[in-house]
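Below is one structure, written out as structure tokens, with a few remarks after it.
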Amino acid sequence: MELIPACEFDMVDLADAYNETRIDYIIPMPMTVERLRNYIHVYDVDLACSCAAVRDGNILGIGMLGIRDDRGWVTRLGVLPSGRRQGVGRSIMEFLLDAAADKALPEVWLEVIEGNNPAHKLFLSLDFSRTRDLIVARRPPKFRALTPGEIVERPRVRHVRTLGREATLALLEKRGDSPNWLNQTESLHNVDSLSALVVETDDGGRGWVTYQTSLLQMTRIIVDVPEGDRAAVTAALLQTLHEFYPTQDAIAENIPADDPMWLGYQEAGYFEAFRRVEMVKTMAEPENPEG
Amino acid sequence: MYSILLIEDSLENTILVERVLQAHGYQMLHASTGERGIQLAIEEGPDMVLIDIGLPDVDGHTVVTLLRQVEELQGVPMVAITAWPADIAQEMCERYNYDGVIIKPISVRNFPKQIERYLSAVS
């Protein structure tokens, strides 16, 4: 088996191989070539530091490494059914970690879908440790109405402002959260059409939400509540957003499960589709050549 | 003759489903992406839509979300066909207002009966 840098393959081969790795995955998420290309761009994946495992001319598995400043991020790791139980995943991981070490990255992050036990065990054996649970949430345009007992009182919105891309990016510079790789400001800088909604509530709360809309979907939903009750302002904010965009299917990725804002998401009609476990590995310090 | 639109990206699954249903007299339409599936559903007005949840462009939930808003498709059964764990698939399909879910791998013997049940429920 040979590990070949991913930059030596064309995007069609990488997308095909990735989709084959996910064919029997717990939550299969195939990608078109265009989506994979966009993913690589938005999440700063370095294809020279990423690889495919190849035997007899056939790709057995792939793994990718995103790089931002002093952070690395493992993503799209997968092994085709024909390559399982042969150490292919571990070999790919070792390639990616060597690449991170060559770049002197002090830490490498990743996420694994909750329930993917073989992958989770592999990451633990490579000294990754769990940091937090992240929720991938969905909100269909028409969702089940809450019953009276479920309705939480939320403040009234007294002022709403919409922001274009540049103002949204400026707003993100002031954020107070610790976002996961997908939601980091660097990702959003790589997204072409991005907007935000800022609301103030009549009880002194203030919050904002970023979003990207298409005909069918609303994505890049990231909320911050600098002032007021986090759950209540989140609910008011998201209700307002979906009044503006009533027909799109909304997807919010990687909401920290222990954040009170998650209650606000649920109040606004979101539900948990699945969970990811975020993990980090602290890399060994590079040896000082001067001793 | 009933027409069934299958929105499925896996060639292997497509061939299997088409073979089984064509042998029972159904006319099959096929799309391998969500967007193409939406286009075909609107243009052709099938009697039933079978939707794989995990599609490569937009997923099955988003496809159903849009199709449910098309007046001409009101009453057309929309059924998920997925390898997701049954409990998760069931919950997601209820939330997204599918008419039902069929878990992969399909049973060649039971599959036509399952399809017939969905179609007879609306006819």
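Output the antiparallel fraction of DSSP beta bridges having both residues in chain B, as a percent to the nearest 5.
0
Which FRET efficiency value, to the nearest 0.05, do you get for A:R156 and B:A121 by plugging their Cβ-Cβ distance into 1/(1 + (r/R0)^6) with R0 = 30 Å?
Efficiency for this residue pair is about 0.10.
Report the longest stretch of chain A that contains none of the GluC sites (Glu not before Pro) sitting in a DSSP loop with at most 14 other Cβ atoms within 10 Å.
A:1-152
Quick one: net charge around A:A15, please, counting Lys, Arg +1 and Asp, Glu -1 for every other residue with C-beta under 13 Å from its C-beta.
Taking every other residue near A:A15 into account, the sum is -3.
Give, rounded to the nearest 20 debye, the magnitude of the charge dipole that region B:28-123 has about its Cα centre when Lys and Arg contribute +1 at Cβ and Asp and Glu contribute -1 at Cβ.
That gives region B:28-123 a dipole magnitude of about 380 debye.
For peptide A:28-41, what's the mean number of Cβ atoms from other chains within 10 Å of each residue's Cβ?
3
Give, to the nearest whole percent, the P(r) tail of chain B beyond 19 angstrom, counting all Cα pairs.
40
Where does the protein assembly as shown land on the Kirkwood hydrodynamic radius, alpha-carbon pairs, in angstrom? Intermediate values should be presented prior to the final figure.
Details: mean 1/r = 0.0435 Å⁻¹.
Radius from the Kirkwood sum: 23.0 Å.
Nearest 5 percent is fine: what portion of the DSSP beta bridges confined to region A:25-181 is antiparallel?
Looking only at bridges with both residues in region A:25-181, the antiparallel portion is about 75 percent.
Describe numerically, in nm with one decimal, the distance between label points set 7 Å from Cα along Cα→Cβ at A:R35 and at A:N116.
Placing both labels 7 Å along Cα→Cβ, they lie 1.5 nm apart.
Calculate, for A:R84 and B:Q39, the FRET efficiency according to 1/(1 + (r/R0)^6) with r their C-beta to C-beta distance and R0 35 Å; round to the nearest 0.05.
FRET efficiency, A:R84 to B:Q39: 0.45.
For peptide B:61-70, what's the mean number of Cβ atoms from other chains within 10 Å of each residue's Cβ?
4
Using the charge dipole of the protein assembly as shown (Lys, Arg: +1 at Cβ; Asp, Glu: -1 at Cβ; taken about the Cα centre), state which of A:S82, B:M92, B:I53 has its Cα farthest towards the positive end.
Farthest towards the positive pole: B:M92.
Place a +1 charge on the Cβ of each Lys and Arg in the protein assembly as shown and a -1 charge on the Cβ of each Asp and Glu, then give the dipole magnitude about the Cα centre in debye, rounded to the nearest 20.
900
Taking beta carbons within 10 Å but only from partner chains, what does the mean come to for residues B:94-105?
Counting Cβ atoms of other protein chains within 10 Å of each residue's Cβ and averaging gives 2.
In nm, what is the difference between 0.36 nm times the number of residues separating A:R206 and A:D177 and their Cα-Cα distance?
Stretched fully, the A:R206-A:D177 segment lengthens by 9.0 nm.
Once the Cα gyration tensor of region A:1-111 is diagonalised, what are the square roots of 5 times its eigenvalues, in whole Å and ordered largest first, as equivalent ellipsoid semi-axes?
Result for region A:1-111: semi-axes of 20, 16, 13 Å.
Find which of A:F128, A:T185, A:H159 sits farthest along the positive direction of the dipole of region A:123-267, computed with +1 on the beta-carbon of Lys and Arg, -1 on that of Asp and Glu, about the Cα centre.
A:H159
Show which lysines lie in cross-link reach of A:K121 when reach means a straight Cα distance below 16 angstrom and same-chain residues fewer than eight apart are skipped.
A:K281
For region A:186-291, give me the percentage of DSSP beta bridges that are antiparallel, rounded to the nearest 5 percent.
Details: 12 of 14 bridges.
Looking only at bridges with both residues in region A:186-291, the antiparallel portion is about 85 percent.
Looking at region A:26-98, which trypsin sites (Lys or Arg not before Pro) are in a loop (DSSP not H, G, I, E or B) and have at most 16 other Cβ atoms within 10 Å?
Working: sites: A:R35, A:R37, A:R55, A:R68, A:R71, A:R76, A:R84, A:R85, A:R90; in loops: A:R84, A:R85.
Within region A:26-98, the qualifying trypsin sites (Lys or Arg not before Pro) (loop, at most 16 other Cβ atoms within 10 Å) are A:R84, A:R85.
Mind running the shape call on region A:155-291? Use the C-alpha gyration tensor, a ≥ b ≥ c as the square roots of the eigenvalues: rounded below 1.5 for a/c, prolate if a/b tops b/c, oblate otherwise.
Here region A:155-291 falls in the prolate category.
FYI, it's all coordinate maths here, none of it is from the lab. Remember, predicted model here, so these are calculated numbers, not experimental data. Note that each Cβ is placed from the backbone with ideal geometry, even for glycine, and that neighbours are counted across all protein chains shown.
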